[in-house]
Structures are given as C-alpha cells and as structure tokens.
Amino acid sequence: MDIYQKFGSYMEKQIVKQPDQARKKLIVAYRAKQGIDRMFTDKRVPASKKYLTKLAMDTMIQVLSKPEQSAMTSLFVPSEPLAAAGITPYSPEAMSSFMTGSKIERPFLQKTSEEGMPDSMCSYHRVFLGAADTGVCPEAPFLIYTNLACDGNMITFPYLMDKYGIPGFFIDVPYEKTKESVQFVADQLREMNVFIEDYSHKKITQEALKQRILTADETLKNYRKYLHACKTHYIGGTLTHEMYQVFITHMLLGTNQAYQYSRMLLSDILKGEPTGDRTKLLWIHMMPFFSEPMKELFEFSDRAVVQASDIVYDACFSLDAEKPFESMAKRMVYSGFNGSPEQRIKNALDAAEYTGADGCVIFSHWGCKTTIGAAGLIQEELGKKGLETLILDGDGCNPAGNSDGQTKTRLEAFLEMLKEKER
Amino acid sequence: MIYYVCKYTPVEVFAGFHVETKPLEHMAADFEHADRVVHANLCGFGKSVIEAVLSGNVKELVLVNCCDSMRRTYDHVKKTGLTDFLFLMDLPHDGHSFCSNEKLGREIRRLISEYETYSGKKFDVKAFFQAFHSGKAKEGPYIGMLGVRAGAELIEMAQGAFSLPVRNETCVSGREIWMDVPDVESTDFSEIDYARSLMAQLPCRRMGRPGARNQLFMDPNCKGVIYHTIKFCDFYGFEYAEIKDKLEVPVLKIETDYTTQSLGQLTTRIEAFAETIGAVKRNDEMKREIKENGFDMEHPEKFLVAGIDSGSTSTDVVIMNGNREIVSSLIIPTGGGAALSAEKCLLEALEKCGKKREEIARIVTTGYGRNYIADGDESVTEITCHAKGAHYLLPSVRTIIDIGGQDSKAIRVDENGAVKNFLMNDKCAAGTGRFLEMMARTLGLSLEEMSSLGLDWKEDVVISSMCTVFAESEVVSLVAQNKALPDIIHGLNNSVAAKVGALAARLGEEGDYILTGGVAKNKGIIKALEEKMNVKLYICEEAQICGAIGAALFALQ
Ligand code: SF4
Ligand code: SF4
Ligand code: SF4
C-alpha cells in the first residue's frame, strides 16, 4: 500500500464518523503536499506546471477553509463576474477530481448508493453529492448552474439548494446557435451579475468586469498560442496537470493567476524540445488522470503525448470587453457542448489541425450521456476527415469503473496503429 | 401520422393541419437494431425511439430537447435518414419567465412553418382553436404510476394486478392543455399564450425546480404509487431517491429498460405490492374455495398443508399441520423445470414423514416458478411468503435480508409479519449468490470453502468493482499479485455485504434482523454483513426454507 492509499483508507473512516474533522485533515494534507512539492521538486516538471499545481491546490484549500467566499457552480458558468467579485467558484468536476485524486471517493459514492441515487449518474456528480451529503464538502453561500454541458447539473444543483436552503441562479442555454439565443442568455447573465452582487455583498463595477474579461481574453490568447506551439514543441507534465488546465480555462478564467499561468506556459513551451517521434493525441472529454496505464503511456513519455483536450480548446473563444455579457453568452451558446454534436466535431477537427494531432481519443465516461451518445457519431465524422479516433470506455472520476488491463491494451494497440499508419 | 413523445409538444398545431397525432409509447420487444447504432448506455426510451424509426413504422416525428439522451436520440434518428419529417423542439426549463415563453413561442412558429414547407398545407387557425377542450376531472381511489414514462404494455400489466384503476401520470399521459380561445373569427393566435398553457402543466422532473410535483405524491385518492424508472435515466432515478422517504402512501419502485422483455421479471413485485396494499385483483379461478371439510377442529395436527417455494436454484417444500408445526421439509435443486421439481420435492417430503398426497388439504406455491405448478391451490409472491415465514421463525423480526441465487432483497415487516416495504436487486449479479459462485469458480474453490476461508484474513484487500466482470479481473490480478486467498475472499465478502447492506440501509434501520436464503449458510458473509450494518443477524437452520414456510402458513389461513 502506498502512502496515498493509506491516507485514503484512513480518511474513509474519518469521513463516516467525523466529516468536519475529515475536511480539516484534508486541508492539512493538501498544505503538507504543497510543502513536499516545494522541497522535492521534480526536475522534469516545467515552472509553469509547478505554478499550476500550486494554483489548483490553493484554490481547493481556499474553498475548503473559507467556503463563505466561494460559490458552487457548473463548470460552464462564466467565471469572470465571480472573479470580479472575488468569489472562488468550484464545480462538481473540480471538487470530485480532488477527492478522487486523494483516493477518498469511495465513501462518497457509497453514500449516494445508500441514498438511492442512481449508480448510472456521472461520477463527478455522484462524488460531489456524496461529499455534500456526508458533510465533507462545505456549504457555499449560493450556487449558479446551467444546463450546459449536461443534465447532471439540473439534478445536483436544485438538490443542493434544497438541502442547504441556499439561493441559486440558473442559466438556461437554448439548443440553437442563433443571435436570439445569445440575447436570451446575455439577459440572464445580466441578472446573474445582480444575483452575485446581492449574495456576495460585493459590488461588481462595469470597469472591474471589463478588466476580468480583458484578462480572460489575454489568457485565452496565450492558450491558443500554446496549443499551436504544441504542434512542434514538447514540455513534460502529468495527467493531473492536463486536468487542471480544464479548471484554469473555466472556473479560474478571468483571474490574474490564470493569466500569469498562461504566460508561463507559453514561455515554457516555446523553450521546449521538439516533439520528435512522440505520437500526439487530441483528447475528447474528461480524463481518468489516476489511471496507471495512462500515466505510464503519457507522463513524461517519449512515446506519446496528450496535447490538448477538447474542453480546453472549446474555451479558447475571443471575448469583447465592450460587450461582456454578449461575449460570455456567445461562448456558452456556441460551445461545442451545447446543442447538436456538429460543433463539437468541428472543434475537434480544428483542434487536431491546430495542434497537429496524429490521432484522437474519445473518453466515453460512464454516466455522461451527452458524450457517450455522441461518441459513435464523432468517431465516424473524424474518421471521414482522416483523423483516426479511438473510443475508450471508462470513468474519469471513479477508479473502480476502469479496467486497467483493457485501458492499456486498447491505448497501446491504438498507438501502434497510428505508428503503423505513419510508416 | 405525427408521433410525439412529450406532453409539452404543441400537438394542437397539427389539428390546424388536419393531421392526426399519436404518442409514441410502445415499449420495444428488444433493441436488436438500435444496439447496433448507439452506445449501450443510452436510456431505453431513447433506444426504443431509434428502434421504432429503424423498423420503418415512424415517418413523422416530433421530439423535444428534454435531456442529454433525447438530444443524442435525435442525432441518431436524423442520421438514419428514415423519417420524412423530423423536428426537435427546444424546451425551456421553466415556464415562469416571459422570455422562456417567448422562446417556446418562437419554437412553435418554427414548427408550423417547417411543417407547412414539408406538407405544402396551410395552417388553419380555426381548426387549431377547436382542438382545445378541457379534460374530465378524474375521481375516486387509484394507483398512481409515476416517474419516467410508462409504456402502454407496462400500464396494461399493472392494471392486471390491481383491483383499483392504475392512473398513468408519466411523460405523455398527464397532458392537459387549456387555452382561452379568442373569438371565432380570429385569424391568428398568440404563440406566447399557447406556450404559457403548455408550460402551465404539472411540471415533469426535468423542469427546473419541480416543487409543484409534490401534489402528485400527496393526493389522498392515491392509494399506492408505482414509481417507474428506466435504466440510465437519471432525472427520475434521482427523483425517487428524493421522495422515497417523504411519501405517505405505499410505494413500489420498478425499473425497466423500456423493453417488454424487462416486464416479465416485474410481475412478482407488482403482484406482491398489490397484496401488500390489499388491492389484489382476483378472478374467480384464483379464488379457490378453501377445502373446509378437510379441517378437523378436534385434531388440528391431522390437518396437513404444504408450501412450495420454487426458486431458480432450489425447490423447497414444507409440510405443516393445523397446529402450525412443521411436519416435514426438504430442499432439492431445481432441475428439469419448476413443475417437475415441485412434484418431486413434494412427494419426497411426504415420504419423509410417511404421509400421502391425498392427505394434503391445500397447497400454496411461491417463488419465481410458482405459476407453473399445476398442483397449487393458490400462489403468493415470495416477498409476502418470506415475510410470513420470517415472522414465524422470529416474531420480533422487522427486517429480512434475503440473499438468493439470482437476486437479493430487503423486506420490512410489521409486528404481524405483514410487508410494509421492500427493495430488490435483481438487475446485476453483484450482491447475490451468483456473484459468489462466479468468484468461487474464478478462485477454484467450493462454496463451502468460500464460506469459512475468508474468516482468517490478515490484509484488508478492497475489491472496488461492483460489476461482476470487472470484479473477476480484479480477483485475477490479486491472485497474480500473490495476495493470500483468505484476504481476497474477505474482500469479496465485504463487496457483497456493501451491496446488500446498501439495500437494507435504504429501507432504514429497524431490528430485529434475520438473514434468509441460500447464502445464510455462508459464515464469511454473515460476519461481513454484521460488521457493515453494525447489527446482529438472526440465523437459523430453517432460514433457507423461509419462503416455503410462509407459503404453508398461507395455506393454513
Ligand atoms: S462528464 Fe458529462 S455528465 Fe459528467 S459532468 Fe461532465 S458533461 Fe456532465
Ligand atoms: S421528462 Fe418532461 S420534458 Fe422530458 S419527455 Fe417527459 S414530460 Fe417531456
Ligand atoms: S427523460 Fe429519461 S427516459 Fe426520457 S429520454 Fe431522458 S433519459 Fe430517457
């Protein structure tokens, strides 16, 4: 048993008996982990990614220790107004990934089963609900959610509103990508702004919001440049780093820290070594960052690299600070995760072209109907355009939902196939 | 013929085109074609729509943007190219804001215009207005079918079991639209008013904040609720978790995959539920007269009855006398069909106590094969029989945990041994005897060895997969890692205990507890379960024939 596993099984018992204590211990453990990281620096990790880890950890510690300055949000809720109000958002995807990363997801999943919540639900939501139900995940003063990208939000958030008796704001994103839809969402975002002001007791000035949008736009510009540089350059990193990128481009987007990170990342990749023989992959959807065979294949590896995920690419939208609400609304309406899979397919093709990907993996995350349902269609369309695509079944947040043997065999065979094609 | 799937569909529009509409509500026999084009984890209803389109019977279809699965269903239907008219209507998540209604109004206009283009017909406003009429108020006691959409076949089957009318209050059935019709000469209508009427219906669970749904669960005329969920449909699976403890009326949760195949296994539960709430439909044939002349008041010990529990793995017989004493009992493996095994088991049990077939005044059958046994005078479900039997063995029992070969159940009974609530897991092998059997086979052990070997464990090995297939590969890799057998078995026992314990936890804690079923002999499981639930389980020899005892007791009544 490694130290993490030991920590996990120790915490499991704590969670059931004393959730408040468990939360405090988590905070202590995360702080300790940061200390360890500072002392034993892994030389292979570039400066930007070290900063990324610190940023992610800081955010989590902040949420766990000062929940009164945070808000529960869906991943796709625009973060800029929250950043302007100095509120830290946290989504099911983020919180649950941290729990799974700390190997303590099991009692939370168990809790939802005991409550009779369906096992077929997405595990990001189940772990989150279990963490809330056991009392380990703290109560935020308010929450904001949207039907983008999935129904999970429509289940989890209303439940938590009732459970905690806290106010919530819902952003309804229409199916069609039209001007009317953008207007419809922009109007809601204006209301959301007022809602945040009311419940955070902070004023969001026009100037402050504009500044956050500008910062977000600059961050995303750097990101685009970074992704493009991946076509020819390589820097090492872990799958956990890859997962953190999702949070930088969503929940933390608009903060100075995210901007700072994007600058460092860009500068690191431009100094990076040539990609060489590595097989470059585009990843579609979330990622089982804890998967041993995946770590073996992709972390600091000479064989293959996951350059980008479509969730990150999707976020790289240019924003107009003069029209903050319309810009944010447009990003939601035109997201590949809204409406028909056409946009998602188009994004994937663009991203592959942009990053020079050799192949694509669709991670068919158990419980994610919106992705699972479209996986076959996406694969077919990408195939038609000459982008080889593998559908990999598994679970991004519940290690028990993955079979290491199968993951290894499938990914290796896929990499072999791509190499073969190159010859 | 325009097919639709949701009560929010503006079907009155089609009256304005003089075309007929019909809800698409038949369950598929199987998903032979759909499974070839979609991922297995799409909800059964979505697959049934694809199946219907692939069969070529549905040419004109209006879907709504209800949920993730429905969106993907639309994508797949569109791709088949087999429909002549296909429309996906976007649906807001609440009907309270003007903007939402305005938006739905625009969708209604879009539908009209697309249908005009497709059909070449003109929209007739007058005919449209004529389509609105108020529904008849429904009265009297009833059984409510709630949850996710129930196919026509499911409603029919449920109706067959109850003496009360079964009222379908799921997706398409509760449709009630009323709109103020302006003067007859109007040449146009307000799409926003129409949208508002559509959205004013009792919200389904998919809507934003469905608090108003409480009235469904609180109607005093509702005598019982059958709550239907479809595998992979999270909205309704979740709603059940939310409401189950708040309901005042008895509730039965059932899950299907929206195929008629999945209905077969539900008969037992629906009938047991009808028994529990005292609303059984009995036809004359079922109401056999009790053979009163056989009962000698002076010598009740001479009056004999039999209970037969026809299970999937074993057939059990109990012969009981008028003093409620067990005269003879026997367990044999079920082989060569339920009827044959029952006959054989009964004869051998009679032989054991030296009695003859003619001396048995009455036979009650139970278990999944109960309806195939011609000998029986009546059949009662195993849920009710288990409760009765357990009460006989331990009058203070309140929770029965039964781990059978194919399923596991948790049953809550009152002080008289009547069922108050029950939960069943028969969908997957985890937490059943079958799971243990498969793991024993993987480890190359007998069930007896499995029973005791896990008791001397040293290292706490965790088997995290609930799925048998995954668990099996986990076990294989543990063996490869040279983990000790007792540790692995202990891990397996804990995994079964977790699954079964969760079932019991969902019933709520209430002792005393009894463990019944074939697995009640397994010491490792008993220990793991006791630890997991933190209670003492009552175990006895007769626990294995609990169902047959219950059946015999019914025969005496
Ligand atoms: S993985 Fe899919 S279902 Fe889960 S939160 Fe993300 S989009 Fe929703
Ligand atoms: S759940 Fe609601 S929106 Fe979906 S089909 Fe049923 S009634 Fe319509
Ligand atoms: S509401 Fe449920 S049953 Fe209906 S389409 Fe959606 S997932 Fe399927």
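So, in region A:346-365, how many residues would count as being within 11 Å of chain B (Cβ to nearest Cβ) and within 25 Å of A:ASP172 (Cα to Cα)?
1
When you look at B:ASN41, is it surrounded by fewer than 24 Cβ atoms within 10 Å (Cβ to Cβ), within 14 Å of chain A (Cβ to nearest Cβ) and within 16 Å of ligand 2 (Cβ to nearest atom), yes or no? Talk me through it step by step, then tell me what you get.
Values: surrounded by fewer than 24 Cβ atoms within 10 Å (Cβ to Cβ): yes; within 14 Å of chain A (Cβ to nearest Cβ): yes; within 16 Å of ligand 2 (Cβ to nearest atom): no.
So B:ASN41 fails the test.
The rows are residues; the columns are (1) more than 9 Å from chain B (Cβ to nearest Cβ); (2) over 21 Å from the mean Cα position of the chain (by Cα).
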{"residue": "A:HIS125", "(1), (2)": "no, no"}
{"residue": "A:ALA131", "(1), (2)": "yes, no"}
{"residue": "A:CYS137", "(1), (2)": "yes, no"}
{"residue": "A:LEU143", "(1), (2)": "yes, no"}
{"residue": "A:GLY165", "(1), (2)": "yes, yes"}
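Tell me which residues, restricted to region A:231-245, are surrounded by 22 or more Cβ atoms within 10 Å (Cβ to Cβ) and assigned to a loop (DSSP other than H, G, I, E, B).
A:ILE235, A:GLY237
Do we have any residue at all in region A:68-76 that's at pLDDT 95 or above, outside any loop (DSSP other than H, G, I, E, B), crowded, with 24+ Cβ neighbours inside 10 Å and among the aromatic types (Phe, Trp, Tyr)?
Scanning region A:68-76 turns up no residue that is at pLDDT 95 or above, outside any loop (DSSP other than H, G, I, E, B), crowded, with 24+ Cβ neighbours inside 10 Å and among the aromatic types (Phe, Trp, Tyr).
Identify, please: which residue in region B:10-38 is within 28 Å of the chain's Cα centre (by Cα) and crowded, with 21+ Cβ neighbours inside 10 Å and is, among those, nearest to ligand 1 (Cβ to nearest atom)? So that I can check it myself, show each step before the final result.
Our first condition is that a residue be within 28 Å of the chain's Cα centre (by Cα); within region B:10-38, this holds for B:22-38.
Add one more test, that the residue is crowded, with 21+ Cβ neighbours inside 10 Å, and what stays is B:24-25, B:27-28, B:31, B:34, B:38.
Details: B:LEU24: 26, B:GLU25: 27, B:MET27: 26, B:ALA28: 25, B:PHE31: 22, B:ALA34: 21, B:VAL38: 17 Å.
Checking each candidate, the answer is B:VAL38.
Tell me which residues, restricted to region A:306-325, are touching a Leu at 6+ places or on another chain (Cβ under 9 Å) and of a type outside the set (A, V, I, L, M). Explain how you work it out, then say what you get.
Here is the first cut: in region A:306-325, the residues touching a Leu at 6+ places or on another chain (Cβ under 9 Å) are A:306-313, A:315-319, A:321, A:324-325.
A:GLN307, A:SER309, A:ASP310, A:TYR313, A:CYS316, A:PHE317, A:SER318, A:PRO324, A:PHE325 - these are the residues of region A:306-325 that are touching a Leu at 6+ places or on another chain (Cβ under 9 Å) and of a type outside the set (A, V, I, L, M).
Restricting attention to region B:322-346, and to residues there that are assigned to a helix (DSSP H, G or I) and within 31 Å of the chain's Cα centre (by Cα), which single residue is surrounded by the fewest Cβ atoms within 10 Å (Cβ to Cβ)?
Residues of region B:322-346 that are assigned to a helix (DSSP H, G or I), as a first pass: B:338-346.
So of that shortlist, the ones also within 31 Å of the chain's Cα centre (by Cα) come out as B:338-343, B:345.
Details: B:ALA338: 21, B:ALA339: 16, B:LEU340: 14, B:SER341: 22, B:ALA342: 29, B:GLU343: 17, B:CYS345: 25.
It comes out as B:LEU340.
Confirm whether A:GLN406 is part of a strand (DSSP E or B), more than 23 Å from A:ASN153 (Cα to Cα) and either within 14 Å of chain B (Cβ to nearest Cβ) or touching a strand residue (DSSP E or B) at 6+ places or on another chain (Cβ under 6 Å) (or both).
On the way: part of a strand (DSSP E or B): no; more than 23 Å from A:ASN153 (Cα to Cα): yes; either within 14 Å of chain B (Cβ to nearest Cβ) or touching a strand residue (DSSP E or B) at 6+ places or on another chain (Cβ under 6 Å) (or both): yes.
When the stated conditions are applied, A:GLN406 does not pass them.
Collect the residues in region B:347-362 that are surrounded by fewer than 23 Cβ atoms within 10 Å (Cβ to Cβ) and either in a helix (DSSP H, G or I) or not basic (Lys, Arg) (or both), keeping them in residue-number order.
Of all residues in region B:347-362, those surrounded by fewer than 23 Cβ atoms within 10 Å (Cβ to Cβ) come to B:347-348, B:350-362.
Correct list: B:LEU347, B:GLU348, B:LEU350, B:GLU351, B:LYS352, B:CYS353, B:GLY354, B:ARG357, B:GLU358, B:GLU359, B:ILE360, B:ALA361.
Tell me, yes or no, whether region B:160-178 has at least one residue that is farther than 28 Å from B:THR260 by Cβ, aliphatic (A, V, I, L, M) and either more than 16 Å from ligand 1 (Cβ to nearest atom) or more than 16 Å from the chain's Cα centre (by Cα) (or both).
Scanning region B:160-178 turns up at least one residue that is farther than 28 Å from B:THR260 by Cβ, aliphatic (A, V, I, L, M) and either more than 16 Å from ligand 1 (Cβ to nearest atom) or more than 16 Å from the chain's Cα centre (by Cα) (or both).
Mind checking which pairs have a first residue in region B:56-84 that is within 9 Å of chain A (Cβ to nearest Cβ) and closer than 13 Å to A:LYS369 by Cα and a second that is among the small types (Gly, Ala, Ser) and within 11 Å of ligand 2 (Cβ to nearest atom), Cβ under 8 Å, 6 or more apart or different chains?
Once the first residue is within 9 Å of chain A (Cβ to nearest Cβ) and closer than 13 Å to A:LYS369 by Cα and sits in region B:56-84, its partners that are among the small types (Gly, Ala, Ser) and within 11 Å of ligand 2 (Cβ to nearest atom) give B:SER69/B:GLY46; B:ARG72/B:GLY46; B:THR73/B:GLY46.
With the checklist (1) under 21 Å from the mean Cα position of the chain (by Cα); (2) away from ligand 3 (no atom under 16 Å from the Cβ); (3) crowded, with 21+ Cβ neighbours inside 10 Å in hand, flag the one item A:THR371 doesn't pass.
Evaluating A:THR371 over (1) under 21 Å from the mean Cα position of the chain (by Cα); (2) away from ligand 3 (no atom under 16 Å from the Cβ); (3) crowded, with 21+ Cβ neighbours inside 10 Å leaves (2) as the failure.
Name every residue in region A:391-403 that is in contact with a strand residue (DSSP E or B) (Cβ under 8 Å, 6 or more places away or on another chain) and either surrounded by fewer than 20 Cβ atoms within 10 Å (Cβ to Cβ) or assigned to a helix (DSSP H, G or I) (or both), in order of residue number.
A:ILE391, A:GLY401
Every residue in region B:15-60 that is part of a helix (DSSP H, G or I) and of a type in the set (A, V, I, L, M, F, W, C), please. Before you say what the answer is, go through the steps one by one.
Initial filter on region B:15-60 (part of a helix (DSSP H, G or I)): B:15, B:34-37, B:44-54.
Hits for region B:15-60 are B:ALA15, B:ALA34, B:VAL37, B:PHE45, B:VAL49, B:ILE50, B:ALA52, B:VAL53, B:LEU54.
Can you tell me how many residues within region B:475-527 are closer than 27 Å to B:LEU394 by Cβ and among the hydrophobic types (A, V, I, L, M, F, W, C)?
Final tally of qualifying residues: 15.
Filter region A:1-49 down to the residues that are among the acidic types (Asp, Glu) and touching a residue at least 12 places away in the same chain (Cβ under 8 Å), then identify the one that is surrounded by the most Cβ atoms within 10 Å (Cβ to Cβ). Reasoning before the result, please.
So in region A:1-49, the residues among the acidic types (Asp, Glu) come out as A:2, A:12, A:20, A:37, A:42.
This time we only want the ones that are touching a residue at least 12 places away in the same chain (Cβ under 8 Å), so: A:12, A:20, A:37.
Working: A:GLU12: 19, A:ASP20: 11, A:ASP37: 15.
Ranking the candidates gives A:GLU12 first.
The values are calculated or read from the model by the stated rules, or taken from the named source; none is laboratory data. Note that the coordinates shown come from a computational prediction; the quantities given were computed from them, not determined experimentally. So basically every Cβ, Gly included, is an ideal-geometry build from the backbone, and we count neighbours across all protein chains shown.
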